[in-house]
Amino acid sequence: MIAKISETLEHINLQGGWPTPRLHPTKEIDAASSALFKQKDIQQNLRYGPELGSSNLRGAIADWLTESYAPKAGPVVSERVAITNGASNGLACALQKFSDPSYTQGVWMVEPTYFLACPIFRDAGLGGKIFGVPEGDDGIDLEYLGNRLQEVDERTDPLAEPRKTVQGGYPKIYRHIVYIIPTFSNPSGGTMSLESRKRLIKLARKHDALVVSDDVYDVLRWPASENEALEAVGAFTPRLVDVDRNLEGFSAWGNTLSNGSFSKIVAPGIRVGWVEAMPALISAMGTVGATVSGGCQAHFASIVVEKMLSSGALSSHIQKTLIPTYRARWLSMTKAIREHLYPLGVRIVGDEGEKAGKIAGGFFLYLSFNACAASGPTIASIALDEYNLKIAPGGIFSVPDDPESKVRGEDTYLHGARLCWAWNEEVVLVDGIKRLAKAILDASK
Ligand SMILES: Cc1ncc(COP(=O)(O)O)c(C=O)c1O
């Protein structure tokens, strides 16, 4: 019997959004942990941690964020930061504290969406109110969102009492939650402009929405031009939390929460992240039930991260290892896409026109198969069945709770796929793109 081609090929996974294990900074983690165990007061670090996390780490993160983003609104102070055990749980805790199944009227997720966030919203009792909002060409379709928020507000009772009361320990419940990844989005790879960020915040204020922004890829950034030095990457687009406090009319609670993580810049298993928001909101984060009972949810690991941050080991790892590696992979992958896939009608979303990136970064890019002779799902299944190549097909990025989501995506992301460069080495990425070209040709027959 003749073996299928797929059986003779090593599996290539361009779907998974994980860093290659060889990039985990094992030596730095080892050095930080060993240094901790040499300290006389190691026992202190093995006690329950403070609810908001180690004050040294909160300060170190605040300083690092100030240095990285140089926010116009002034330095990030430690009162704005709480330690979490990663962005997933940061979101879950924020929902436990600031949303209410009877009072919160809508969760608005940018589509294509980071689909693993959907169950977190359902866990918070918000199932049935989870809606998609098209990404449009600048991070989120603000007109669509504005109309939908208005519509929902008009048909629901703004005076209804939340079941979670102030007396019961819930000092602020938002009527809406907006979920977005404004920089190097997962999955689209897009970055939202400053102007749209400002407009989003004004809309959030008008409709009492908390915008939860997963800022987990921000610092992995480089100049898109191969000829530019890494240092030429330029300033960050201000994060939504910085825009919020810099725009006149902000409230004590604010309308934004920045969800940060060390998963992508240290290792996912370290399970440490942070949230940043207005001090009132952060202080209430420290009253989440599981935290009151168990203290900081990642206490020891977070102290290891603190050592790495304060010694400069983490910044050095990001600048000297992660960014150069990811940049080289991104360059190889995008070159291969232009060479092998562009002639077949494939395009990288956001690669053309005015917004076409001066800055690239994150983990993902999104391909559009709209101009190909074959459909996205057929391409993805032939790639897997015939070429042992896994890509993330567009269909997984709709919002399953919103029946209209798939309809809206029909002309855009559904006929596309997300590719990740964080897991594989350059040579594998190029091989993967060549296999995808073959799959597209087969699918077009
Ligand atoms: C947008 C986004 N948010 C959150 C996460 C998960 O973060 P963490 O590992 O910190 O829970 C990921 C990981 O893929 C992600 O892409």
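What the table shows:
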| quantity | calculated |
| --- | --- |
| Complete set of residues in region 74-93 that are more than 16 Å from the ligand (Cβ to nearest atom) and either assigned to a helix (DSSP H, G or I) or over 24 Å from residue 220 (Cβ atoms) (or both) | 74, 77, 78, 79, 80 |
| Subset of region 218-233 [acidic (Asp, Glu) and either touching a residue at least 24 places away in the same chain (Cβ under 8 Å) or exposed (fewer than 12 other Cβ atoms within 10 Å of the Cβ) (or both)] | 218, 226, 231 |
| Residues located in region 168-183, provided they are in contact (Cβ under 8 Å) with a residue 60 or more places away in the chain and either surrounded by fewer than 24 Cβ atoms within 10 Å (Cβ to Cβ) or outside any loop (DSSP other than H, G, I, E, B) (or both) | 169, 170, 171, 172, 173, 175, 176, 177, 178, 179, 180 |
| Qualifying residues in region 262-296 (those that are part of a loop (DSSP other than H, G, I, E, B) and farther than 21 Å from residue 307 by Cβ) - the one nearest to the chain's Cα centre (by Cα) | 277 |
| Residues of region 160-196 satisfying the condition of being away from the ligand (no atom under 16 Å from the Cβ) and either in contact with a strand residue (DSSP E or B) (Cβ under 9 Å, 6 or more places away or on another chain) or among the β-branched types (Val, Ile, Thr) (or both) | 165, 166, 172, 173, 174, 175, 176 |
| The one condition in (1) part of a helix (DSSP H, G or I); (2) under 21 Å from the mean Cα position of the chain (by Cα); (3) β-branched (Val, Ile, Thr); (4) over 24 Å from residue 296 (Cβ atoms) that residue 133 fails to fulfil | (1) |
| Checking residue 39 against (1) modelled with pLDDT of 95 or more; (2) more than 16 Å from the ligand (Cβ to nearest atom); (3) not hydrophobic (A, V, I, L, M, F, W, C), the condition it does not meet | (1) |
| Enumeration of residues in region 289-346 that are assigned by TED's automatic domain parsing to the domain that holds residue 20 and of a type in the set (Asp, Glu) | 339 |
| Restricting region 314-362 to residues that are closer than 25 Å to residue 19 by Cβ and in a loop (DSSP other than H, G, I, E, B), the residue that is modelled with the lowest pLDDT | 357 |
| Failed item in (1) on the phi > 0 side of the Ramachandran plot; (2) in contact with a Ser or Thr (Cβ under 6 Å, 6 or more places away or on another chain); (3) small (Gly, Ala, Ser), with residue 189 passing the rest | (2) |
| Residue 236, sole failed condition from (1) touching a Leu at 6+ places or on another chain (Cβ under 9 Å); (2) aromatic (Phe, Trp, Tyr); (3) surrounded by fewer than 24 Cβ atoms within 10 Å (Cβ to Cβ) | (1) |
| Contacts under 6 angstrom Cβ, first residue in region 113-129 being in a helix (DSSP H, G or I), partner away from the ligand (no atom under 12 Å from the Cβ) and among the β-branched types (Val, Ile, Thr), 6 or more apart | 115/396; 121/107; 121/130 |
| Subset of region 1-50 [more than 21 Å from residue 271 (Cβ to Cβ) and outside any loop (DSSP other than H, G, I, E, B)] | 5, 6, 7, 8, 12, 13, 38, 43 |
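The values are calculated or read from the model by the stated rules, or taken from the named source; none is laboratory data. Because the structure is predicted, anything quoted here is derived from the model rather than measured. Neighbour counts run over all protein chains shown; Cβ positions are idealised from the backbone, glycine included.
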